[in-house]
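Presented below is the structure to which this report refers.
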Amino acid sequence: MIEVISLVVPFFAVIGCGYLGARLIGESGQQGINNFVLYFALPTLLFSMMARSDLASRFEIDFVTAYTATSIVLFAYSFMLFKLLFGLKRRNTAIYAVGTVYGNTGYMGIPIVVVMMGESASLPVVLSLLIDLAVMLPITAAMIESDDPDHAGGLLHGARSALVGTLKNPLVIAIALGALWSMLKLPLPTMANGFIDVMAAAAAPCALFAMGSSLYGKPLGSSLTPAILVSLLKLIAHPLLLWVALTRVWNVDPEWARPALVAASLPVAVTVFVIARQYQVMVISASTAIVVSSLLSIISVPVFMLILQNLPAS
């Protein structure tokens, strides 16, 4: 237990530094760090992980199927649950539903997995992030826009707008380019390798710091009930449901399953707040869910990792 905690605590410590330093660097500083992570450091890291992987021989279609199916099933269940319990509009319910499946994979999952399991374990985590970005976010955006009275066209209009946004996402572009590089078996020039190593090394600490600063000053809603429910579904239901899918339904290689399960145990992604703010839908509720799940994850993540060490591998 002490060994697991000692591995996880440094990550939360950096997040804490970001939270404490948010006021010092100011809103413009926070935006600058976040933009650096989003447009430079994290895309470089994702590209390097994909380009340097042997994607052609290691690719697991069962993993992609299992992860996608788990996300869609949990999203649908959460959507119906929140709709039934709180009687919200479709666009409002979609924010809660995506919060139960979209974790902080980019800002927390990749740094944690790389440090704990090595860069070779990053491939399933990167692919899970791609599924979140290319499947779950467009579904969410389509449901929000289709329920927007200011836009005509329903789900078709929402799906079209979501697709355009996905194709422009720098993380999706970086993953796609890295995958293409790997499939073509192209070598990386020495100078390019040096640049990538320097830039990618900044991704983990800057991403964690940016996440911590993004939590500072987030307003909390008057009722914590929905946020607690989202947190429980994300921190407990999501990794356990994924474990069943990976090891009992599709029997995915443990080398792929374990890194993905670690990523699935993480709190609600800050991206959910970004989406809520973009569409002006459930902004305070989204920030509440992120703060609550992040606080609870300080306990749940080490516990889940300890449990994961003793779970059957297949």
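Considering the stretch 243-260 alone, what residues qualify as being over 30 Å from Q31 (Cα atoms) and part of a helix (DSSP H, G or I)? Spell out how you get there, then give the answer.
Here is the first cut: in the stretch 243-260, the ones over 30 Å from Q31 (Cα atoms) are 243-258.
Of everything in the stretch 243-260, those that are over 30 Å from Q31 (Cα atoms) and part of a helix (DSSP H, G or I) turn out to be W243, V244, A245, L246, T247, R248, V249, P254, E255, W256, A257, R258.
Here's the yes/no breakdown for (1) buried (at least 21 other Cβ atoms within 10 Å of the Cβ); (2) aromatic (F, W, Y); (3) modelled with pLDDT of 90 or more:
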position	(1), (2), (3)
V272	yes, no, no
V283	no, no, no
L296	no, no, yes
V301	yes, no, no
L306	no, no, no
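Quick check: anything in the stretch 47-64 among the aliphatic types (A, V, I, L, M), without any contact (Cβ under 8 Å) to a residue 40 or more places away in the chain and out of contact with any helix residue (DSSP H, G or I) (no Cβ under 6 Å at 6 or more places or on another chain)?
Of all residues in the stretch 47-64, those among the aliphatic types (A, V, I, L, M) come to 49-51, 55-56, 61, 64.
So of that shortlist, the ones also without any contact (Cβ under 8 Å) to a residue 40 or more places away in the chain come out as 61.
Still in the running and out of contact with any helix residue (DSSP H, G or I) (no Cβ under 6 Å at 6 or more places or on another chain): 61.
For the stretch 47-64, residues among the aliphatic types (A, V, I, L, M), without any contact (Cβ under 8 Å) to a residue 40 or more places away in the chain and out of contact with any helix residue (DSSP H, G or I) (no Cβ under 6 Å at 6 or more places or on another chain): present.
Considering only residues of the stretch 162-195 that are aliphatic (A, V, I, L, M) and buried (at least 18 other Cβ atoms within 10 Å of the Cβ), which is nearest to T105 (Cα to Cα)?
Filtering the stretch 162-195 for residues that are aliphatic (A, V, I, L, M) and buried (at least 18 other Cβ atoms within 10 Å of the Cβ), the one nearest to T105 (Cα to Cα) comes out as L171.
Filter the stretch 267-302 down to residues that are under 18 Å from A97 (Cβ atoms) and assigned to a helix (DSSP H, G or I), then give me how many there are.
Residues that pass the stated criteria total 20.
So for the stretch 248-258 (the condition being without any contact (Cβ under 8 Å) to a residue 12 or more places away in the chain, more than 17 Å from the chain's Cα centre (by Cα) and surrounded by fewer than 16 Cβ atoms within 10 Å (Cβ to Cβ)), does at least one residue qualify?
Yes.
Please list, ordered by residue number, the helices (runs of 4 or more DSSP H) wholly in the stretch 42-96 having 3 or more residues that are out of contact with any Ser or Thr (no Cβ under 6 Å at 6 or more places or on another chain) and more than 27 Å from R248 (Cα to Cα).
42-51, 61-86
Scan V101, V8 and give me the residue that is within 23 Å of K218 (Cβ to Cβ), in contact (Cβ under 8 Å) with a residue 12 or more places away in the chain and not in a helix (DSSP H, G or I).
Exactly one residue qualifies, and that residue is V101.
Considering S78, S6, which residue is in contact with a helix residue (DSSP H, G or I) (Cβ under 8 Å, 6 or more places away or on another chain) and among the hydroxyl-bearing types (S, T, Y)?
Numbers: S6 fails: in contact with a helix residue (DSSP H, G or I) (Cβ under 8 Å, 6 or more places away or on another chain).
Criteria check complete, one pass: S78.
Against the definition (among the hydroxyl-bearing types (S, T, Y) and surrounded by 14 or more Cβ atoms within 10 Å (Cβ to Cβ)), how does Y107 come out, yes or no?
When the stated conditions are applied, Y107 passes them.
For residues that are surrounded by fewer than 19 Cβ atoms within 10 Å (Cβ to Cβ) and either closer than 21 Å to M136 by Cβ or touching a Lys or Arg at 6+ places or on another chain (Cβ under 6 Å) (or both), tally how many sit in the stretch 19-63.
3
With the condition being over 19 Å from the mean Cα position of the chain (by Cα) and at pLDDT 90 or above, I'd like the helices (runs of 4 or more DSSP H) fully within the stretch 161-231 carrying at least 1 qualifying residues.
170-183, 190-201
The values are calculated or read from the model by the stated rules, or taken from the named source; none is laboratory data. All of these numbers come straight from a predicted model, not from anything done at the bench. No Cβ is skipped: glycine too gets one built from the backbone with ideal geometry, and neighbour counts run over all protein chains shown.
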